[in-house]
Amino acid sequence: MLQIGYSETLALLLLALAMLWLLSRRYRLAAVAVLALSLTRPVAAPFAVMVLAHLVLRWRARARDPLPRRDVAQIVALGLFSAVATLIWPAMVALITGVPSAYTRIQGAWRTGGVVATPYEGTLFISHVLWGDDGPLWVAAAAVALVALVLSPLARPMGAELRTWVLAYPAYLLAVIEPYTSTYRYAIFVFPLLVLPGAVRRVGPLLVVLLAVAGLAYQVRWVDQLLVFTPPTDYPP
């Protein structure tokens, strides 16, 4: 995925910079990264939730860690800008094409039925396709498992802001897409979860080898099943 021309590659860098600058309290630089991110991938909205978590943490710690009014103003502005920045790309598409609904029409072309559904409707539809009537239960179980993992002591090294992102991004993603084969690459933005193996004090060489082999095998399968196009029609990678 990182070796070909997907926008996720650049977006991953910009998101990491936005997170770094937010956590290091360089809010103006974070806003610049969010602006560039919003023109690369539409993932700025859940970043606003991470900014909100950052503001809450700083507010609660203001007795021992002063919170100047200037910082409050910059954090609030960053959060609002992140929430609105998701609309920049749809607005540009509408302006260039002259069709206000051009962006949602394009997105709808990738969906079953050809229209953008209400939030989570696409996720529920795919869950029924994959698992039948029990599909929504599997989705709910996966959500509970993720919340339990993020709230567990194992995830503490991430910090509260990154844990907020790991919860907010999937919630946003499943609300706005019809998850199927492209979900594999969309999931790259929960990369903060990669710190979890480091939280385990003892990771034996056998586990490392098994994970490496599994990763290579999955990459071969992904390339064969998704990246290689099979006419006349095929699933998107």
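The values are calculated or read from the model by the stated rules, or taken from the named source; none is laboratory data. Note that the structure is a prediction, hence the values are computed from the model and not measured. Cβ sites come from the backbone with ideal geometry, for glycine too, and all protein chains shown count toward neighbours.
Miscellaneous remarks
- Of all the criteria given as (1) modelled with pLDDT of 95 or more; (2) under 20 Å from the mean Cα position of the chain (by Cα); (3) not acidic (Asp, Glu), the one not satisfied by Pro179 is (1).
- Residue that is nearest to the chain's Cα centre (by Cα), among those in segment 90-103 that are small (Gly, Ala, Ser) and modelled with pLDDT of 90 or more: Ala91
- Restricting attention to segment 132-166, the residues that are touching a Leu at 6+ places or on another chain (Cβ under 7 Å), crowded, with 18+ Cβ neighbours inside 10 Å and at pLDDT 90 or above total 3.
- Residue that is modelled with the highest pLDDT [pool: residues in segment 104-120 that are farther than 20 Å from Arg41 by Cβ and surrounded by fewer than 14 Cβ atoms within 10 Å (Cβ to Cβ)]: Thr118
- Members of segment 39-79 found to be of a type outside the set (A, V, I, L, M, F, W, C), at pLDDT 95 or above and crowded, with 19+ Cβ neighbours inside 10 Å, listed by number: Pro46, His54, Gly79
- Annotation: Gln74 fulfils all but one of (1) out of contact with any Phe, Trp or Tyr (no Cβ under 6 Å at 6 or more places or on another chain); (2) at negative phi; the unmet one is (1).
- Matching residues, segment 160-194, being among the charged types (D, E, K, R) and either in contact with a His (Cβ under 6 Å, 6 or more places away or on another chain) or in a helix (DSSP H, G or I) (or both): Glu161, Arg163, Arg185
- Filter result for Pro157 (assigned to a helix (DSSP H, G or I) and in contact (Cβ under 8 Å) with a residue 24 or more places away in the chain): yes
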